[in-house]
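Accompanying notes for the structure given below.
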Amino acid sequence: MTLKISRLSNGLRIVSENRPALETVSVGIWADVGARHEDKRLNGVSHFLEHMLFKGTHRRSAKDIVLDIESVGGQINAYTTRDNTTYYARVLKDDLDLAVDVLADIVVNSVCDPKEIEREKDVILQEIGQALDTPDDVVFDHLQAKAYGEQPIARPILGDAATIREFSQDDLLGYLRQNYTGSNMVVSAVGNLNHEKLVASVEAKLGNLPSGLKQVSSGALYQGGRKTEKRDLEQVHVAAAWPAYSYHDDEYYALQVYSTILGGGMSSRLFQKIREERGLAYSVYSFCSSHNDTGLFGIYAGTGPSLVDDLSPVIKAEMESLAKGPENLEFTVAVAQLKASLMMALEATTSRMEQLGRQMLVFDKIIPTSEMLANVDSVTKHDVMQLADVFASSTAASVAIVGGGNFDSVRF
């Protein structure tokens, strides 16, 4: 495997990893802009634009965009997060230049036809409606909103019905021109490829983009709060989060170990205690959500209205117990799980392509896998105990609850 990085004169970065034993390539174009970079009036525009870029360019119709990739057996897709937007394809090795051409075409030459915009508004509104009908999606939007208040990072990625209805062609094309610039973009590719040919292909198709200004996120400050929503549901969906660490913080890897021990798998404390021993929930887990400048550590569980009173005391008891220090076996298991997941991600070209693209956006360099493994190995039981004590004793939890019954007793 050969890892190479190049930069075009307009600031666009290209990272690739050659895997000569493979027959395929995964390639992605990353725009360093997401929901947290939007003005309030434009909330949801990053995601809306992601949809619209597939609706036709000056060279290709919407059907041609998909057909050009699928006719050679490839796959094409995209997604939007709070931090960035990604367009990617997986194709056979001989079709890499085609994939780059299609992806570049949609980010450079999109038409954003007004008629298509109006049609797509209905599609996005249906997507928002579907999300609102999914309580375990809603509870996380509530949690994010309470954690960060009125800041851009608190807003939903999809936007809301009011903002979506107002989007115009000028809004979309203006946002595209402002943010899809050389200094804000990365191309990453993994598979059977030649880096120099990839660079030449990208330069021919994206080299004329203006360099623009590198996107800088406004710093996010944790606020905390509580949001409950009564719904006639079979389950009560409970999510809690605490202020945690960014990708750049020294505690980042210790947090991953702590979260894995507490609620990261079937052998975790929460799964064993809440599901296996007490039968309080079918789904229960902990999670880490990191960004360049902030982060959250959280816990989610879905339980019945008659069981909800027992849920938070059991979770708090496990957090307090872990603050006394992890057991040798669970610590060893958590470290092994994290290291294995890092290694397994290397085996799938799309996962590795995403890892390389994200690292270039976050660190402006690639973190060697050996360094990541060493960082996991460097975490000690004492590190985990210190983190566990911080979270167990914290009174700054954000809480979101969606469901029926009385859940006033749910406290963290």
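The values are calculated or read from the model by the stated rules, or taken from the named source; none is laboratory data. Values in this document were obtained by computation on a predicted structure and should not be read as measured data. Note: ideal-geometry Cβ built from the backbone for every residue, glycine included; neighbour counts use all protein chains shown.
Please go through (1) touching a residue at least 40 places away in the same chain (Cβ under 8 Å); (2) part of a loop (DSSP other than H, G, I, E, B); (3) under 25 Å from G28 (Cβ atoms) for S267 and return the number of the only condition it doesn't satisfy.
(3)
From S6, S46, which residue is within 23 Å of the chain's Cα centre (by Cα) and among the small types (G, A, S)?
On the way: S6 fails: within 23 Å of the chain's Cα centre (by Cα).
So the residue among S6, S46 that is within 23 Å of the chain's Cα centre (by Cα) and among the small types (G, A, S) is S46.
Could you grab the pairs with beta carbons closer than 8 Å, sequence gap of 6+ or different chains, first residue in region 13-31 and outside any strand (DSSP E or B), second one hydroxyl-bearing (S, T, Y)?
As it stands, the answer is R19/T349; L22/T349, since those pairs meet every condition given.
Please work out if A131 is closer than 30 Å to Y245 by Cα and buried (at least 20 other Cβ atoms within 10 Å of the Cβ).
On the way: closer than 30 Å to Y245 by Cα: yes; buried (at least 20 other Cβ atoms within 10 Å of the Cβ): no.
Criteria not met by A131.
In region 367-410, how many residues are in a helix (DSSP H, G or I) and loosely packed, with under 14 Cβ neighbours inside 10 Å? Lay out the reasoning, then the answer.
Initially, region 367-410 is screened for residues in a helix (DSSP H, G or I), giving 369-378, 381-393.
Next cut, loosely packed, with under 14 Cβ neighbours inside 10 Å only: 370-371, 374, 377-378, 382, 393.
Count: 7.
Go through (1) within 30 Å of N406 (Cα to Cα); (2) modelled with pLDDT under 95 one by one and return the number of the condition I315 breaks.
In the conditions (1) within 30 Å of N406 (Cα to Cα); (2) modelled with pLDDT under 95, I315 misses (2) alone.
Among the residues of region 49-65, which ones are over 24 Å from the mean Cα position of the chain (by Cα) and of a type outside the set (D, E, K, R)?
G56, T57, H58, S61, A62, I65
Kindly list the number of the only condition in (1) closer than 27 Å to Q223 by Cβ; (2) assigned to a helix (DSSP H, G or I) that fails for D310.
Condition not satisfied by D310: (1).
For residues that are in contact (Cβ under 8 Å) with a residue 40 or more places away in the chain, surrounded by 20 or more Cβ atoms within 10 Å (Cβ to Cβ) and assigned to a strand (DSSP E or B), tally how many sit in region 270-298.
Counting residues in region 270-298 that are in contact (Cβ under 8 Å) with a residue 40 or more places away in the chain, surrounded by 20 or more Cβ atoms within 10 Å (Cβ to Cβ) and assigned to a strand (DSSP E or B) gives 5.
Would you confirm, using the coordinates I've provided, whether K115 is touching a residue at least 12 places away in the same chain (Cβ under 8 Å) and either crowded, with 22+ Cβ neighbours inside 10 Å or more than 25 Å from E347 (Cβ to Cβ) (or both)?
Values: touching a residue at least 12 places away in the same chain (Cβ under 8 Å): no; either crowded, with 22+ Cβ neighbours inside 10 Å or more than 25 Å from E347 (Cβ to Cβ) (or both): yes.
No.
What helices (runs of 4 or more DSSP H) lie completely within region 45-155 and have 3 or more residues being closer than 25 Å to S168 by Cβ, of a type in the set (A, V, I, L, M) and assigned by TED's automatic domain parsing to the domain that holds A31? Steps first, answer last, please.
Numbers: elements: 45-52, 62-70, 96-108, 114-132, 135-148.
Answer list for region 45-155: 45-52, 96-108, 114-132.
For residues that are under 21 Å from E116 (Cβ atoms) and of a type in the set (S, T, N, Q), scanning just region 24-73, find the one that is surrounded by the most Cβ atoms within 10 Å (Cβ to Cβ).
So, considering only residues that are under 21 Å from E116 (Cβ atoms) and of a type in the set (S, T, N, Q), the one surrounded by the most Cβ atoms within 10 Å (Cβ to Cβ) is S46.
Inspect all residues belonging to region 211-222 and state whether any of them is in contact with a strand residue (DSSP E or B) (Cβ under 8 Å, 6 or more places away or on another chain) and part of a loop (DSSP other than H, G, I, E, B).
At the first step, the residues of region 211-222 found to be in contact with a strand residue (DSSP E or B) (Cβ under 8 Å, 6 or more places away or on another chain) are 222.
If we keep only those that are part of a loop (DSSP other than H, G, I, E, B) as well, we get 222.
Among the residues of region 211-222, at least one is in contact with a strand residue (DSSP E or B) (Cβ under 8 Å, 6 or more places away or on another chain) and part of a loop (DSSP other than H, G, I, E, B), which makes the answer yes.
Select from region 320-340 the residues that are assigned to a helix (DSSP H, G or I) and exposed (fewer than 15 other Cβ atoms within 10 Å of the Cβ) and write down the one among them that is nearest to the chain's Cα centre (by Cα). Talk me through it step by step, then tell me what you get.
Taking region 320-340 first, the residues assigned to a helix (DSSP H, G or I) are 320-322, 328-340.
Now drop any that are not exposed (fewer than 15 other Cβ atoms within 10 Å of the Cβ), which leaves 320, 328-329, 332, 336, 340.
On the way: E320: 29, N328: 32, L329: 30, T332: 27, A336: 23, A340: 20 Å.
If we take residues in region 320-340 being assigned to a helix (DSSP H, G or I) and exposed (fewer than 15 other Cβ atoms within 10 Å of the Cβ), then A340 is nearest to the chain's Cα centre (by Cα).
Does E150 satisfy being within 15 Å of M52 (Cβ to Cβ) and surrounded by fewer than 20 Cβ atoms within 10 Å (Cβ to Cβ)? Step through it out loud before you land on a result.
Values: within 15 Å of M52 (Cβ to Cβ): no; surrounded by fewer than 20 Cβ atoms within 10 Å (Cβ to Cβ): yes.
For E150, the condition - within 15 Å of M52 (Cβ to Cβ) and surrounded by fewer than 20 Cβ atoms within 10 Å (Cβ to Cβ) - is not met.
Taking A241, is it among the hydrophobic types (A, V, I, L, M, F, W, C), crowded, with 22+ Cβ neighbours inside 10 Å and in a strand (DSSP E or B)? Even if it seems obvious, please write down each step before you answer.
Working: among the hydrophobic types (A, V, I, L, M, F, W, C): yes; crowded, with 22+ Cβ neighbours inside 10 Å: yes; in a strand (DSSP E or B): yes.
Considered against the rule, which asks whether it is among the hydrophobic types (A, V, I, L, M, F, W, C), crowded, with 22+ Cβ neighbours inside 10 Å and in a strand (DSSP E or B), A241 comes out as yes.
Here are I29, I14, I69, I76: which of them is under 20 Å from T350 (Cα atoms), among the β-branched types (V, I, T) and more than 22 Å from the chain's Cα centre (by Cα)? Quick ask: steps written out before the conclusion?
Details: I29 fails: more than 22 Å from the chain's Cα centre (by Cα); I14 fails: more than 22 Å from the chain's Cα centre (by Cα); I76 fails: more than 22 Å from the chain's Cα centre (by Cα).
Exactly one residue qualifies, and that residue is I69.
If a residue must be more than 27 Å from the chain's Cα centre (by Cα) and surrounded by 14 or more Cβ atoms within 10 Å (Cβ to Cβ), how many such residues does region 206-230 contain?
Qualifying residue count for the region: 1.
So the check is Cβ under 6 Å with 6+ separation or different chains; which pairs have a first residue in region 150-177 that's closer than 30 Å to D105 by Cβ and a second one that's of a type in the set (K, R)?
P152/R36; I164/K121
Which of the residues belonging to region 156-166 are part of a loop (DSSP other than H, G, I, E, B), buried (at least 17 other Cβ atoms within 10 Å of the Cβ) and on the phi < 0 side of the Ramachandran plot? Talk me through it step by step, then tell me what you get.
The first filter runs over region 156-166 and keeps only residues part of a loop (DSSP other than H, G, I, E, B), leaving 156-160.
After this cut, where a residue has to be buried (at least 17 other Cβ atoms within 10 Å of the Cβ) as well, the list is 156-159.
Those that are part of a loop (DSSP other than H, G, I, E, B), buried (at least 17 other Cβ atoms within 10 Å of the Cβ) and on the phi < 0 side of the Ramachandran plot: P156, I157, L158.
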